[in-house]
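Have a look at the structure below, then the notes.
Since every read-out is calculated from the coordinates, none of them should be taken as a lab result. Just so it is clear, the model here is predicted, and its values are computed rather than measured. For neighbour counting, all protein chains shown are included, and Cβ atoms are generated from backbone atoms with ideal geometry for every residue, glycine included.
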Amino acid sequence: MLFPPKYRPGPTSRVVATGAGIVTSLGAGWKPNAEGFRAGRVAIQPVTIFDVTRQRVKVAGEVALPPALPETLLPTRRVRRLDRAAKLLLLAAHEAWRQSGWASSDDLPLVLGTTSGGMSLGQDYYHQAITRPHSPRRQATRSLHYQAQRQALDLADALGVRGPITIIANACASGANAIGHAWDLLRRGRAERVLTGGYDALSQLVFAGFDSLQALSPTRCRPFDAHRDGLAIGEGAAVLTLETLEHAQRRHATVLGEILGYAAATDAHHLTQPHPQGDAALATMTDACRNAGVTPAQIGYINAHGTGTPLNDSAEAAAILRWAGERAPRIPVSSTKSGIGHLLGAAGAVEAVVCLMALRGQWLPPTSTLESPDPICVFPLVRQPTALTFEHALTNSFGFGGANATIILRRWEPGIG
Amino acid sequence: MSAAENIFIRGIGAVSPAGWGVLPLREALAKGEPWPTRELDRSGWARPFRVRRVPPPLPRPGFMSHPRLRRASPITQYAVAAALEALGGDVAGVKCGSFRLGVVLCVMTGCVNYSRRFYDETLKDPASASPLVFPETVFNAPASHIAALLGTNAINYTLVGDTGTFLQGLALGADWMLNDRVDGCLVVGAEEMDWLTADAYRLFARKVVLSEGAGAVYLRAESPAHPAVQLHSVTQSHLFLLEQDRARAARQMRTELHAGRPEHLLCDATQGLQNVDGAELEAWRDWPGTKLSPKWILGEGLAAASAWQCVAAIDTLRQRQHPEAIVSVVGCNQQAIGARFVISNPKSQNSNPSE
């Protein structure tokens with residue numbers, strides 16, 4: 001039964017990540033991404049997968065998909081039908097799955113975040129429907145695989161899992177919401193394992209949408225720069241295998257890090273603009289810390305939402321200042337969107353994995369495109385590859401519609417559990 | 001505030017081809033005749049689709065002049081109208097912040113009107129694609145507008161999936177209350193009509209009659225002063241997978257629910273199309289009670305239709321027509337899922353199901 005829920009009696013469980021998969025324009029897999037984020041590599045290049053000649057901006061964080069997908073339980077015929085978004089998701093999930101050592105299961109919830117599912121197929125459908133309305137060729141497949149539940153079902157079949165599928169579409173906070181929801185299921189004993197993450201592929205509609213809003217940077221995405229002029233769009237996916245600490249310890253799994261806290265709130269200020277003082281962001285940072293049992297003084301690094309738009313970054317900076325108070329000048333902050341762009345529904349999940357990488361490696365990913373820090377940022381902005389000993393990281397995700405989410409992660413060392 | 005133990009239905013709301021409100025929905029279902037269809041033009045085809053549209057509201061609701069809603073697409077208007085009807089007198093309490101209201105919006109195709117329009121503009125000339133339209137294409141735009149209108153900043157999720165997702169939304173909202181995340185939760189299912197959706201659907205079910213609208217269920221944990229409808233249970237989501245077809249998923253869902261009695265109601269998702277209904281009809285072949293199939297009357301409203309099923313089931317319980325109701329949704333392409341509603345016993349403040 002989904003309701004009433006069966007809770008495991010006793011205190012809430014600790015939640016750990018035992019597998020992480022990631023695909024961004026920096027590459028496919030933990031290693032190229034960890035190296036890229038650590039060095040502050042910028043992987044924004046001209047868009048090749050659709051026509052941008054008439055767009056104001058012509059670059060994005062486009063992923064170079066590998067020539068073949070990993071072997072899974074998915075029949076070849078189904079693999080051939082996977083769209084770009086489903087491939088990104090499958091690549092990330094397969095890496096996390098393999099790393100975790102999990103086996104197929106009849107009772108494994110899947111919680112995903114996305115903003116547009118298989119939008120490129122929807123576009124193809126529309127294009128054919130208006131140019132060749134009487135041709136049904138491939139239209140049924142497109143209309144089916146365009147839907148987000150199709151990508152989730154493909155993943156479930158690929159890995160042999162049967163459990164409820166929850167797809168959260170809270171705009172650019174979707175990935176963080178998905179991880180947060182999974183964390184909530186685990187800590188309260190609703191499940192022992194949850195496969196979770198976020199994904200989104202580049203599509204012409206979304207690219208043109210951000211361009212129409214003049215939200216895309218015509219120069220270079222420079223989060224928290226005084227002269228920032230917009231974001232870069234990216235694509236990718238990140239998936240985590242989350243489980244209760246007890247479950248992980250029972251099977252002697254390698255723990256990558258701990259998800260310590262999560263909070264979500266709604267900013268009712270405007271459909272696309274944050275409250276100037278970041279009220280909802282302040283609420284999620286405060287509540288996530290409360291859930292995690294930590295104070296701002298214990299947060300060693302903030303992976304900011306930091307899109308590079310004037311309004312987002314100033315609101316987020318204001319929220320960080322209000323949340324951290326006197327501690328603000330001592331909490332390093334960076335935005336990894338400078339390197340890979342804004343991955344929309346995947347962003348929160350990717351940035352949670354970046355935090356895991358940073359906590360494990362004890363380094364901070366720089367915002368290497370930053371030139372002149374905005375004076376509002378009284379906190380130290382990480383501009384160069386940096387080594388640091390720290391225990392807790394906080395990552396923010398904000399989206400259209402006022403969707404705000406914060407996740408807090410903790411470094412894991414064998415023996416401390 | 002302490003966590004809840006039971007979840008009650010405080011309010012319901014609906015917008016359907018039958019009109020704006022639960023009352024026209026109730027009357028249309030009581031009449032039992034398929035609602036009249038209308039023609040919907042279809043790009044490149046001489047022959048239009050037959051669909052069921054939501055009629056214009058008369059009079060025009062005041063909320064439509066709210067700054068956030070002036071440019072909103074029909075799905076938002078339907079979702080907001082259903083939400084406000086469900087909240088009833090509690091709107092004022094939400095607006096003054098006297099309790100935390102969560103929102104769960106469930107959609108399958110979502111904001112398809114503006115998505116098609118914006119993409120069409122993009123193909124013609126990206127430089128002239130409207131920046132006012134694009135934000136309304138995002139799945140969570142309607143949920144955001146509901147929150148803005150009510151001034152609530154509590155947790156707000158938009159769930160995407162097939163028609164069964166509305167029942168997942170009910171379980172999620174109820175769980176938030178059990179977990180003390182919110183004091184009340186609006187669960188809304190909404191869809192809007194577009195020729196593109198109708199065009200895609202005909203590839204799978206040529207005779208389907210698509211419709212649009214919204215349904216809303218307002219959940220609260222407080223014990224009612226009088227007998228009230230209680231959300232008793234929501235089954236597991238039984239997925240359609242390589243190793244589990246629709247028929248098996250439907251049977252699995254059925255086994256989790258009450259066997260039923262002659263006085264009970266089954267509100268199912270069948271719509272009179274054998275290739276679509278077969279698995280669900282088979283799963284409920286031995287149902288001993290009354291059956292109500294809103295889609296036969298109102299059409300395939302996707303996420304809105306499963307919300308209408310729940311609203312209709314709750315409404316019959318409120319009208320004392322049945323002591324208990326089951327809602328069954330064998331979805332389009334994801335899951336079979338069911339829910340059970342009962343009339344609570346005010347003295348014990350617990351459900352008083354007959355099993």
Practice prompt. Please tell me which of these pairs span more than 26 angstrom C-alpha to C-alpha: A:Lys31/A:Lys58; A:Lys6/B:Lys295; A:Lys58/A:Lys87; A:Lys87/B:Lys295; B:Lys124/B:Lys295?
Written response: A:Lys31/A:Lys58; A:Lys6/B:Lys295; A:Lys87/B:Lys295; B:Lys124/B:Lys295
Fill in: Spin-label model distance (nm) - B:Glu5 vs B:Arg38, 7 Å beyond Cα toward Cβ
4.9 nm
Worksheet item: Roughly how many nanometres apart are two label points built 7 Å out from the Cα toward the Cβ at B:Phe99 and A:Ala39?
Response: 5.7 nm
Practice prompt. Using the Karplus curve 6.51 cos²θ - 1.76 cosθ + 1.60 with θ = phi - 60°, work out ³J(HN,Hα) for each residue of the range A:9-17 in order, rounded to whole Hz, and write x for Gly and Pro.
Written response: x, x, x, 5, 8, 7, 10, 10, 9
Worksheet item: Given the Cα-Cα distance of A:Glu71 and A:Lys31 and 0.36 nm per residue of separation, how much length would full extension add, in nm?
Response: 12.4 nm
Worksheet item: Which value in nm describes the separation of the simple spin-label points at B:Ala247 and B:Arg206, placed 7 Å from the Cα toward the beta carbon?
Response: 2.3 nm
Worksheet entry | Only Lys, Arg (+1) and Asp, Glu (-1) charged, at Cβ; the range B:107-244 dipole about Cα centre in debye | 220 debye
Response to the item:
Answer in debye to the nearest 20: the dipole magnitude of the range A:237-357 about its Cα centre, from +1 Lys/Arg and -1 Asp/Glu charges placed on Cβ, is 220 debye
Worksheet item: Where in the range A:1-97 are there chymotrypsin sites (Phe, Trp or Tyr not before Pro) that are in a DSSP coil and have at most 13 other Cβ atoms within 10 angstrom of their Cβ?
Response: A:Tyr7
Item to complete: With springs connecting C-alpha atoms under 10 Å apart, model chain B as a Gaussian network and identify which of B:Ala279, B:Ala81, B:Ala46 has the largest mean-square fluctuation.
Response: B:Ala46
Worksheet item: Exactly which GluC sites (Glu not before Pro) in the range A:8-82 are in a DSSP loop and have at most 13 other Cβ atoms within 10 Å?
Response: A:Glu71
Worksheet item: Given A:Gly234, B:Ala312, A:Pro136, which one lies farthest toward the positive end of the charge dipole of the protein assembly as shown, if we put +1 on the Cβ of every Lys and Arg and -1 on the Cβ of every Asp and Glu?
Response: A:Pro136
Discussion item. Can you work out the Karplus-derived ³J(HN,Hα) for every residue in the range A:145-154? Use 6.51 cos²θ - 1.76 cosθ + 1.60 with θ = phi - 60°, whole Hz, and x for glycine or proline.
Written reply: 7, 5, 7, 4, 5, 5, 5, 5, 5, 4
Worksheet item: Which value in deg cm²/dmol, rounded to the nearest 500, describes the helix-derived mean residue ellipticity at 222 nm for the protein assembly as shown, given -39,500 (n - 2.57) per DSSP H run of n ≥ 4 and division by the residue count?
Response: -10000 deg cm²/dmol
Worksheet, complete the sentence: Which residues qualify? For A:Gly261, with a placed amide H closer than 5 Å and at least 5 residues away or on another chain, they are A:Ile408
Worksheet entry | Other-chain or far-sequence residues with amide H under 5 Å of B:Val229's (modelled H) | B:Ile9, B:Ser344
Worksheet entry | A:Lys6-B:Ser65 FRET efficiency (beta carbon distance; Förster radius 35 Å; 0.05 resolution) | 0.15
Worksheet, complete the sentence: Whole-Å distance linking the alpha carbon centroid of the range B:97-124 with that of the range A:286-338 is 29 Å
Response to the item:
In whole Hz, the Karplus estimates of ³J(HN,Hα) for the range B:295-301 (6.51, -1.76, 1.60; θ = phi - 60°; x where Gly or Pro) are 5, 4, 8, 9, x, 7, x
Response to the item:
Across B:118-127, the residue-averaged tally of Cβ atoms belonging to other chains within 10 Å stands at 6
